[in-house]
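Q: Have a look at this one.
Read-outs throughout are calculated quantities, based only on the coordinates presented, and are distinct from any laboratory measurement. This is a predicted model, so every value here is computed, not measured. Backbone-built Cβ (ideal geometry, glycine too); neighbour counts: all protein chains shown.
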Amino acid sequence: MGTRHVNARVQKHRNALRVAGLRPVQIWVPDTRSPDFAEECRRQCRLVAEAEVADSDLQAFMEKAVADVDGWTE
């Protein structure tokens, strides 16, 4: 299968998606393979945990939200 054929197939697929009302977008996400990724996750989790402990309004909101999920999966 030549490159030309593959390119034509990809273009046909993209055109069909556009006709369906979709458009391509590009997003950049963290590189999970980076050696610093796991440490950055831990750092951000610590910050969130500290903020949650310090915010009693958030704690009350979360407790109310958790109590309101009964039956969501049924």
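Q: Could you check how many residues of region 10-40 are loosely packed, with under 10 Cβ neighbours inside 10 Å and under 22 Å from the mean Cα position of the chain (by Cα)?
A: Summing the residues that are loosely packed, with under 10 Cβ neighbours inside 10 Å and under 22 Å from the mean Cα position of the chain (by Cα) in region 10-40 gives 11.
Q: If a residue must be in a loop (DSSP other than H, G, I, E, B), surrounded by 10 or more Cβ atoms within 10 Å (Cβ to Cβ) and among the small types (G, A, S), how many such residues does region 41-74 contain?
A: Going through region 41-74 one residue at a time, the tally reaches 0.
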